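Trainee: Mind looking over this structure? Questions follow.
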Amino acid sequence: MRRSNSVAALAAASLAGTSCLAQQTSVVDSLHNLSAEGRGDVRAVAEEQVCIFCHTPHQSSPIVPLWNRAMPLDAYTPYTSRALDADPGQPTGASKMCLSCHDGTIALGAVLSRSSLITMRGGITTMPPGRSNLGTDLSDDHPVSFRYTSALSAKDPKIRPPSHLPGAVRLDANSEMQCTTCHNPHNNALGQFLVMHNGNSELCIACHQVDSTTVTGHRDCIACHSPHSAPSGPYLLRGVNVTAACMNCHDGSVHSAPNINPDLHKISVHDTDREIDPPDPIPLDVTCTDCHEPHSMRHGSASAPSIPANFGSVSGVSLSGSAIPVAQFEYEVCFKCHGDRNAVPPRVTRQIMTVNNRLRFDPTAVSFHPVAGPGRNDDVPSLLPPWTTASVMYCNDCHSSDTGGMAGGSGAAGVHGSNHEPLLRRRYAMLDYTSESAANYALCYSCHSRNSILGDESFKGHRRHIVDERTPCFACHDAHGISSQGSARHHSHLMNFDLSIVSPDSATGRLEFVDEGRFQGRCFLTCHGESHAPKEYGP
């Protein structure tokens, strides 16, 4: 069932069952009444006592309160994840009592005060398979039986201090969180035996301190998370991994959520649909939450280079290379993978080999597209309005969906996927002997006037190279930029030759571009069998 339909069904069921739940303030009226008069499908054949399945005034175990069941063995797999600062071990206290039924290992009718099993209807012995049977693997369930202390909340600021918990949310005598912190086994007035309402995630945020979001679908914790039997295990997601959890809404089934599913099946994609909680870092591995912090995402617009509102309070890497908990600029998010980590191998071999985009976009670099600051060249006649030499741009002005709004389509925006490699919003031909056309160089021509380029307004050889010689822009220009490894005279104007196309000239053995001033230069090279030793270009 799609989430949009699920939400509607839950709302209808909630309205229809409000009066029914309101009557379940006593265990007698709840599903925990396993007597023959109980309301659920799991109940005894003839047993009339209600409390006997858990408690007895006589022949009880030494466990308070007058416990009438054997305790299960300590053979559980506890919850764990890299994001967890607590250290849950084997279940204790009330949680272990609950598991004496809910792990499915002990018969429901096995009570200490009776010499024989209480017979259950339908031949049922242990808890039947389903949501109520948690099994002994608790790695996919909310952690329990750990000390919830001020020291823990100090270590993890996303956990509220225990002194701030509402009265309904109680720890046990050892300050441990147990099943009974969230569930009251004797009162089902709120459904699921919850100790307080959770319609607006009130129960979740009683302990979990998360940022605010204006994205309606992200305000409901259970839209993305499942406290029990979560498909993901770690992070308790309603999907086997982050991508699957996001796709519950972002697959086109929820009208208000952008449909990014088509982009994830294109030639070039950003999300790798990775496993949950992998060792970090993994090269070439990225998922939705590397770019988006879902609990703090907002609606709204921003201007380059400020971080887009729908990124939320996501981490990043600064221009200086320092890890920062909350990025302020879009490029800082990109630098997490496309900076010092060098997660993406180079596509070609160039004269100056720098794949670290943090260095290439640095305003002190030799030549660069204006991502982290305005470009160094104040004379670019080919720029189309509204671009000027004072403009700065987003990474996603070039890298984004080829069917999104920026590409003239109606699909979702963002760097999720494209049919133009490497994740480009429009085609950018990189192969030698490519015929010039508005389509083949659509990415370049979205900012630079085709008429200006082919009219040789900034370089007298543009038309000859691109049209007559069918040499791609890629052969001479390194689109991201050239770091301080290069020189201002030899690598201005993004000049950094592709060595698979261009080689040293046969006469001098030199391979270089020499900037001689405004619209002037000399090239020493061999390209398409023609030697430049040198070839001079004037205004």
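Trainee: Just one of the numbered conditions (1) surrounded by 16 or more Cβ atoms within 10 Å (Cβ to Cβ); (2) more than 24 Å from P72 (Cβ to Cβ) is not true of H164; which one?
Mentor: Tallying (1) surrounded by 16 or more Cβ atoms within 10 Å (Cβ to Cβ); (2) more than 24 Å from P72 (Cβ to Cβ), H164 fails exactly one: (1).
Trainee: Count, please, the residues in region 224-247 that happen to be under 24 Å from H197 (Cα atoms), surrounded by fewer than 20 Cβ atoms within 10 Å (Cβ to Cβ) and within 16 Å of the chain's Cα centre (by Cα).
Mentor: Matching residues across region 224-247 total 3.
Trainee: Criterion first (farther than 26 Å from R425 by Cβ and touching a residue at least 12 places away in the same chain (Cβ under 8 Å)) does S458 satisfy it? I'd like the intermediate steps shown before the answer.
Mentor: On the way: farther than 26 Å from R425 by Cβ: no; touching a residue at least 12 places away in the same chain (Cβ under 8 Å): yes.
For S458, the condition - farther than 26 Å from R425 by Cβ and touching a residue at least 12 places away in the same chain (Cβ under 8 Å) - is not met.
Residue-wise test of (1) in contact (Cβ under 8 Å) with a residue 60 or more places away in the chain; (2) in contact with a Pro (Cβ under 6 Å, 6 or more places away or on another chain); (3) of a type in the set (A, V, I, L, M).
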| site | (1), (2), (3) |
| --- | --- |
| C51 | no, no, no |
| T56 | no, no, no |
| S60 | no, no, no |
| V64 | no, no, yes |
| R69 | no, no, no |
| T77 | yes, no, no |
| R82 | yes, no, no |
| S95 | yes, no, no |
| C101 | no, no, no |
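Trainee: Taking only pairs six or more apart or across chains, which ones have beta-carbon atoms under 8 Å, a first residue in region 507-534 that is more than 20 Å from S487 (Cα to Cα) and at pLDDT 95 or above, and a second residue that is part of a strand (DSSP E or B) and of a type in the set (G, A, S)?
Mentor: What qualifies is T526/S503; C527/S503.
Trainee: Right, another one. Applying the selection to region 228-254, what residues are part of a helix (DSSP H, G or I) and in contact with a Cys (Cβ under 8 Å, 6 or more places away or on another chain)? Before the answer, list the steps.
Mentor: Within region 228-254, the first condition is being part of a helix (DSSP H, G or I), and the residues that meet it are 234-236, 242-247.
V242, T243, A245, C246, listed by residue number.
Yes or no, residue by residue, for (1) without any contact (Cβ under 8 Å) to a residue 40 or more places away in the chain; (2) touching a Lys or Arg at 6+ places or on another chain (Cβ under 9 Å); (3) among the charged types (D, E, K, R); (4) within 22 Å of H338 (Cα to Cα):
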site: S410; (1), (2), (3), (4): yes, no, no, no
site: G414; (1), (2), (3), (4): no, no, no, yes
site: A442; (1), (2), (3), (4): yes, yes, no, no
site: D468; (1), (2), (3), (4): yes, no, yes, no
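Trainee: Restricting attention to region 437-446, does a residue exist that is surrounded by fewer than 21 Cβ atoms within 10 Å (Cβ to Cβ), of a type in the set (A, V, I, L, M, F, W, C) and in contact with a strand residue (DSSP E or B) (Cβ under 8 Å, 6 or more places away or on another chain)?
Mentor: Looking through region 437-446, none of the residues is surrounded by fewer than 21 Cβ atoms within 10 Å (Cβ to Cβ), of a type in the set (A, V, I, L, M, F, W, C) and in contact with a strand residue (DSSP E or B) (Cβ under 8 Å, 6 or more places away or on another chain).
Trainee: Considering only helices (runs of 4 or more DSSP H) fully contained in region 176-227, which possess at least 2 residues that are under 17 Å from H102 (Cβ atoms)?
Mentor: Numbers: elements: 179-182, 204-207, 221-224.
Correct list: 179-182.
Trainee: Within region 339-377, restricting attention to residues that are surrounded by fewer than 16 Cβ atoms within 10 Å (Cβ to Cβ) and of a type in the set (K, R), which residue is nearest to C398 (Cα to Cα)?
Mentor: Looking at residues that are surrounded by fewer than 16 Cβ atoms within 10 Å (Cβ to Cβ) and of a type in the set (K, R), I get R347.
Trainee: Restricting attention to region 293-312, which residues are surrounded by 16 or more Cβ atoms within 10 Å (Cβ to Cβ) and part of a loop (DSSP other than H, G, I, E, B)? Give the derivation first.
Mentor: Filtering region 293-312 for residues surrounded by 16 or more Cβ atoms within 10 Å (Cβ to Cβ) gives 293-298, 304-305, 307-308, 310-312.
Within region 293-312, E293, P294, H295, S296, M297, R298, A304, P305, I307, P308, G312 meet the criteria.
Trainee: Could you tell me whether region 390-402 includes any residue that is under 25 Å from A429 (Cα atoms), of a type in the set (F, W, Y), out of contact with any Gly (no Cβ under 8 Å at 6 or more places or on another chain) and at pLDDT 95 or above?
Mentor: Yes, the conditions are met somewhere in region 390-402.
Trainee: Restricting to region 255-287, count the residues that are in a loop (DSSP other than H, G, I, E, B), surrounded by fewer than 16 Cβ atoms within 10 Å (Cβ to Cβ) and modelled with pLDDT of 90 or more.
Mentor: Of the residues in region 255-287, 3 are in a loop (DSSP other than H, G, I, E, B), surrounded by fewer than 16 Cβ atoms within 10 Å (Cβ to Cβ) and modelled with pLDDT of 90 or more.
Trainee: Sticking with this structure for a sec: Is it true that A86 is in contact with a strand residue (DSSP E or B) (Cβ under 6 Å, 6 or more places away or on another chain) and under 30 Å from R160 (Cα atoms)?
Mentor: Numbers: in contact with a strand residue (DSSP E or B) (Cβ under 6 Å, 6 or more places away or on another chain): yes; under 30 Å from R160 (Cα atoms): yes.
The answer is yes for A86.
Trainee: How many residues does region 398-414 hold that are part of a helix (DSSP H, G or I) and surrounded by fewer than 19 Cβ atoms within 10 Å (Cβ to Cβ)?
Mentor: Going residue by residue through region 398-414, those that are part of a helix (DSSP H, G or I) are 405-407.
Narrowing the set further to residues that are surrounded by fewer than 19 Cβ atoms within 10 Å (Cβ to Cβ) leaves 405-406.
Selection size over region 398-414: 2.
Trainee: Residues H102, H142: which one is under 26 Å from the mean Cα position of the chain (by Cα), at pLDDT 95 or above, surrounded by 15 or more Cβ atoms within 10 Å (Cβ to Cβ) and closer than 17 Å to T181 by Cβ? Steps first, answer last, please.
Mentor: Values: H102 fails: under 26 Å from the mean Cα position of the chain (by Cα).
The match here is H142.
Trainee: Within the bounds of region 150-159, is there any residue that is of a type outside the set (D, E, K, R) and assigned to a loop (DSSP other than H, G, I, E, B)?
Mentor: Kept after step one, since they are of a type outside the set (D, E, K, R), are these residues of region 150-159: 150-154, 157, 159.
Remaining after also requiring assigned to a loop (DSSP other than H, G, I, E, B): 157.
Scanning region 150-159 turns up at least one residue that is of a type outside the set (D, E, K, R) and assigned to a loop (DSSP other than H, G, I, E, B).
Trainee: Which residues, taken from region 313-336, are surrounded by 19 or more Cβ atoms within 10 Å (Cβ to Cβ), part of a loop (DSSP other than H, G, I, E, B) and either touching a His at 6+ places or on another chain (Cβ under 9 Å) or of a type in the set (K, R) (or both)?
Mentor: Going residue by residue through region 313-336, those that are surrounded by 19 or more Cβ atoms within 10 Å (Cβ to Cβ) are 314, 316-317, 327, 329-336.
Restricting the remaining residues to those that are part of a loop (DSSP other than H, G, I, E, B) gives 314, 327.
V314 - this is the single residue of region 313-336 that is surrounded by 19 or more Cβ atoms within 10 Å (Cβ to Cβ), part of a loop (DSSP other than H, G, I, E, B) and either touching a His at 6+ places or on another chain (Cβ under 9 Å) or of a type in the set (K, R) (or both).
Trainee: Mind checking whether some residue in region 163-177 is at pLDDT 95 or above and within 19 Å of S132 (Cα to Cα)? So that I can check it myself, show each step before the final result.
Mentor: Residues of region 163-177 at pLDDT 95 or above: 163-177.
If we keep only those that are within 19 Å of S132 (Cα to Cα) too, we end up with none.
Within region 163-177, not a single residue is at pLDDT 95 or above and within 19 Å of S132 (Cα to Cα).
Trainee: Further, regarding this structure: Of the residues that make up region 78-101, is at least one in contact with an Asp or Glu (Cβ under 8 Å, 6 or more places away or on another chain) and assigned to a strand (DSSP E or B)?
Mentor: No, there is no match, as no residue in region 78-101 is in contact with an Asp or Glu (Cβ under 8 Å, 6 or more places away or on another chain) and assigned to a strand (DSSP E or B).
Trainee: Give me the pairs, please: first residue somewhere in region 328-348 and on the phi > 0 side of the Ramachandran plot, second residue anywhere and surrounded by fewer than 14 Cβ atoms within 10 Å (Cβ to Cβ), beta-carbon distance under 9 Å, and either six or more positions apart or on two chains.
Mentor: The qualifying pairs are N342/P283.
Trainee: Restricting attention to region 472-531, and to residues there that are aromatic (F, W, Y) and part of a strand (DSSP E or B), which single residue is surrounded by the most Cβ atoms within 10 Å (Cβ to Cβ)? Working first, answer last.
Mentor: Residues of region 472-531 aromatic (F, W, Y): 474, 497, 513, 519, 524.
Within this subset, residues satisfying the condition of being part of a strand (DSSP E or B) are 513, 524.
Details: F513: 24, F524: 19.
So the residue we want is F513.
Trainee: Name the single residue that is surrounded by the most Cβ atoms within 10 Å (Cβ to Cβ) among those in region 451-471 being touching a Pro at 6+ places or on another chain (Cβ under 7 Å) and farther than 15 Å from F513 by Cβ. Reasoning before the result, please.
Mentor: Initial filter on region 451-471 (touching a Pro at 6+ places or on another chain (Cβ under 7 Å)): 452, 457-458.
Those still in the list that are farther than 15 Å from F513 by Cβ too: 452, 457.
Values: S452: 17, E457: 15.
Within region 451-471, the match that is surrounded by the most Cβ atoms within 10 Å (Cβ to Cβ) is S452.
Trainee: Moving on. Here's a check for you: in region 170-206, which residue that is more than 20 Å from H295 (Cβ to Cβ) and of a type in the set (G, A, S) is surrounded by the fewest Cβ atoms within 10 Å (Cβ to Cβ)?
Mentor: A173
The values are calculated or read from the model by the stated rules, or taken from the named source; none is laboratory data. Note that the structure is a prediction, hence the values are computed from the model and not measured. So basically every Cβ, Gly included, is an ideal-geometry build from the backbone, and we count neighbours across all protein chains shown.
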